[in-house]
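Visitor: Dropping the structure in here first, questions after.
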Amino acid sequence: MTDLTRLTISDALRQMQSGEVSALELCQAHLQQIERHDSSIRAFLKVTPELALEQARAADIARAHGDEGPLLGVPLALKDVLSTQGIETTCGSRILQGYVPLFDATAVARLKAAGAVLLGKLNMDEFAMGSSTENSGYFPTRNPWNIQHVPGGSSGGSAAAVAANMAIASLGSDTGGSIRQPASFCGITALKPSYGRVSRYGLIAYGSSFDQAGPFARTVEDVARVMSVIAGHDPLDSTSMPAPAPDYVAGLAGGIRGLKVGLPAEYFAEGLQPGVEGAVRAAASELESLGAQLQEVSLRHAEYCLPAYYIIAMAEASANLARYDGVRFGARVEGSDLIDSYKKTRGAGFGEEVKRRIMLGTYTLSAGYYDAYYGKAQAVRRLIRRDFDELFKQVDVLLAPVAPTTAFRFGEVLDDPLRMILADALTISANLAGLCGLSLPCGFDEAGLPIGLQLLGAPFDEARLLRIGRVYQDATDWHLRSPELS
């Protein structure tokens, strides 16, 4: 009998359309998988079985009446950074414990309209600040390939749920690598869309000029199916690109002969785990054998990406998180007066990493330091964007590792903030420049942990990245491998 939890979106839709399986059976299979394995993986902050079963029954009724939504009956899960009407949304933080939004994020509303079945909310680093999901205000999530290792972050729950077959696909968010890096650590496929391609309305903000929601799935085709639903202009988001999104599924057709693939020298520098570099270069050679042309390139201002990103991102975090004061929503700690209540609420509600970033951001925005830090970082950001503009005149896409290493052990990096920051060293440039980025599994290290390949494209060039990824996955089987769960 087919294991329903191992179906892709495409397979599930085909079987539901033919009557081989119902949306209710598919939903029940995934809820049972969650019940069996989430006690050890801990990907979910909240499971919503009643809602999921209700939506699955509704999907079966709709299909019986001839309706065929693009995700009708497909069980998905959501990173807890996305507002969901009537469901607690905490952003992985104690300070938002008990907050229940009155509205859906646009991406969530579009999934519902497409017929998706929502299984629950997924764990994450608090306010998306971290690279391991160890900074969740509730509990860490574990990597399904080895539960002694982290799943990556901040969307660790989103990646782990798909890798452990607890959801066919999921949504996460990427501010500096938080979609691509956990996808790499967990051996699945994921896309960080260009800034402005997917609405940020209802996506709780960390860095407003960086944040983008995007899909996790097992295959490029599944990622394309989710993207075709959530992408496109939204009048509720002033940063949303005022243009229709292409049909990403239709765009998968075609080859890559003659495509120019750039290998940035700075992304293959000292510090890469040898197995990571070997697997990524082997993937580049595979694309070359399929007709692509490889070309060495250089990003002139690469060394400034990390400092520029963290100055700007922490400044934006400081401003965005000022709203959490215990007055309007979320947790509240009473004090002797209003100011004392603010201090106690924020002191008890925020974790150490969030406090660190708020303080650093506030410092860089303070009088006497704004021009020296924030102003200069924004100027560097413009230079980095210009570097990428020039590179994309020479090549069609860039190819690099997602992360310098495979998934590290719990506690190995947690107490070293600088080392944790370096886990994002190869991903943050895409957020600085507003690029799109695709993470694909391309091998395993000597310990059996997944390795991710990163493809970067010019702004709004997601369709090309997905087409290249599809060609690569048609020629390889890394994406077909799943961890053995105890």
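Visitor: Listed here are the pairs 343/376; 112/192; 46/192; which of them are more than 29 Å apart at the Cα?
Guide: Checking Cα-Cα distances, 343/376 exceed 29 Å.
Visitor: List the lysines whose Cα sits under 19 Å from the Cα of residue 260, skipping any in the same chain fewer than 8 residues away.
Guide: 393
Visitor: Here's a follow-up. What number, in percent, do you get for the relative contact order of the range 1-96 if the mean sequence gap of Cα pairs under 8 Å and at least 6 apart is divided by its residue count?
Guide: 30 percent
Visitor: So, one more: Mean Kyte-Doolittle hydropathy of 0.0 or higher plus an axial Cα length of 18 Å or more: which whole DSSP H helices in the chain meet both?
Guide: 274-289, 305-320
Visitor: Same structure again: Which whole-Hz ³J(HN,Hα) couplings does the range 416-425 yield from phi under the Karplus relation 6.51 cos²θ - 1.76 cosθ + 1.60, θ = phi - 60°, glycine and proline marked x?
Guide: Per-residue couplings from phi come out as 10, x, 5, 5, 5, 4, 5, 5, 9, 4 Hz.
Visitor: Once you list every other residue whose beta carbon is under 13 Å from the beta carbon of residue 410, what net charge do they have if Lys and Arg are +1 and Asp and Glu are -1?
Guide: Here the count lands on 0.
Visitor: Next question. Rounded to the nearest 20 Debye, what is the dipole magnitude of the chain about its Cα centre when Lys and Arg each give +1 and Asp and Glu each give -1 at the C-beta?
Guide: 700 debye
Visitor: I've got another one for you. Would you compute, from DSSP H runs of 4+ residues alone, the mean residue ellipticity of the chain at 222 nm, taking -39500 (n - 2.57) per run and dividing by the full residue count, rounded to the nearest 500?
Guide: -11500 deg cm²/dmol
Visitor: Relative contact order for the chain using alpha-carbon pairs under 8 Å, separation at least 6, rounded to a whole percent?
Guide: About 18 percent, as a whole number.
Visitor: With the full set of protein chains in place, find how many percent of the accessible area of the chain is carbon and sulfur; take the probe as 1.4 Å.
Guide: It is 52 percent, rounded to a whole number.
Visitor: Next up: Roughly speaking, what is the stretch gain from residue 355 to residue 282, that is 0.36 nm per residue apart minus the C-alpha to C-alpha distance, in nm to one decimal?
Guide: Additional length available on full extension: 22.1 nm.
Visitor: If you stretched the chain out fully between residue 372 and residue 485, how much longer would it get, using 0.36 nm times the residue separation minus the C-alpha to C-alpha distance?
Guide: Gain on stretching residue 372 to residue 485: 35.6 nm.
Visitor: Hey, got a sec? Which chymotrypsin sites (Phe, Trp or Tyr not before Pro) in the range 69-160 land in a DSSP loop and have at most 12 other Cβ atoms within 10 Å?
Guide: Those that pass, being in a loop and sparsely packed, number zero.
Visitor: State in Å² the accessible area per residue of the range 175-248; use a 1.4 Å probe, count heavy atoms of protein chains only, and round to the nearest integer.
Guide: Using a 1.4 Å probe on heavy atoms only, each residue of the range 175-248 averages 22 Å².
Visitor: Need one number: nm distance between label points at residue 338 and residue 32, each 7 Å from Cα along Cα→Cβ, rounded to one decimal.
Guide: 5.6 nm
Visitor: So, one more: When Rg and Dmax of the Cα atoms in Å is calculated directly from the model, which label among [x] 21.2, 66; [y] 42.6, 166; [z] 21.2, 70 fits?
Guide: [z]
Visitor: Then there is this: Using a Cα-Cα cut-off of under 26 Å, which lysines could be cross-linked to residue 344, ignoring same-chain neighbours fewer than 8 residues away?
Guide: 355
Visitor: Oh, and also: Tell me whether the range 75-211 comes out rounded, prolate or oblate; compute the Cα gyration tensor, take square roots of the eigenvalues as a ≥ b ≥ c, and use a/c under 1.5 as the rounded threshold.
Guide: Rounded is the answer for the range 75-211, as its axis ratio a/c remains below 1.5.
Visitor: Still on this structure, I have one more. Once you have a ≥ b ≥ c as the square roots of the Cα gyration tensor eigenvalues for the range 378-486, tell me rounded if a/c is under 1.5, and otherwise prolate or oblate according to whether a/b is larger than b/c.
Guide: The shape class here is oblate.
Visitor: Can I ask one more? DSSP loop (so not H, G, I, E, B), at most 16 other Cβ within 10 Å: list which trypsin sites (Lys or Arg not before Pro) in the range 318-395 pass both filters.
Guide: Those that pass, being in a loop and sparsely packed, are 328.
The values are calculated or read from the model by the stated rules, or taken from the named source; none is laboratory data. Computed from a predicted model, the values in this text were never measured in an experiment. Glycine gets a Cβ as well: all are built from the backbone with ideal geometry, and neighbour counts include every protein chain shown. For the accessible areas, the whole protein counts, side chains as well, though only heavy atoms, and no ligand, DNA or RNA atoms are used. Shrake-Rupley method; radii C 1.70, N 1.55, O 1.52, S 1.80 Å.
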